[in-house]
């Protein structure tokens, strides 16, 4: 009979650990965005300043790309947030498109 009790305890521990992970995930996503965003902003600003005025074709492409990526990422996040049950898991899922866009921009701009 004690075997059944240990299984219940193990399942309870596992579910609590899963809940703790779900509670931490949105904060980790926010931290990643908060750390990476200033780097992307600095890289884009430097690129635009060095390009001079009026912006050349490369700078105009970057400006257009910046706006379309933001619109896409925030639209996806809004759809996820608006169509899901509120909670930490939804927050983490809603932040995922924004975090992915910021990380890909940091990688792409870092190669230049």
Mind listing whichever residues of the range 75-112 are part of a helix (DSSP H, G or I), without any contact (Cβ under 8 Å) to a residue 60 or more places away in the chain and under 28 Å from residue 61 (Cβ atoms)? 75, 76, 77, 78, 79, 97, 100, 101, 104, 107, 108
(1) in a helix (DSSP H, G or I); (2) modelled with pLDDT of 85 or more; (3) exposed (fewer than 13 other Cβ atoms within 10 Å of the Cβ): which one isn't true of residue 65, the others all being true? (3)
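The values are calculated or read from the model by the stated rules, or taken from the named source; none is laboratory data. Predicted model, so just to flag it, every value in this text is computed and none were measured. Using ideal geometry, Cβ is built from the backbone for each residue, glycine included, and neighbour counts are taken over all protein chains shown.
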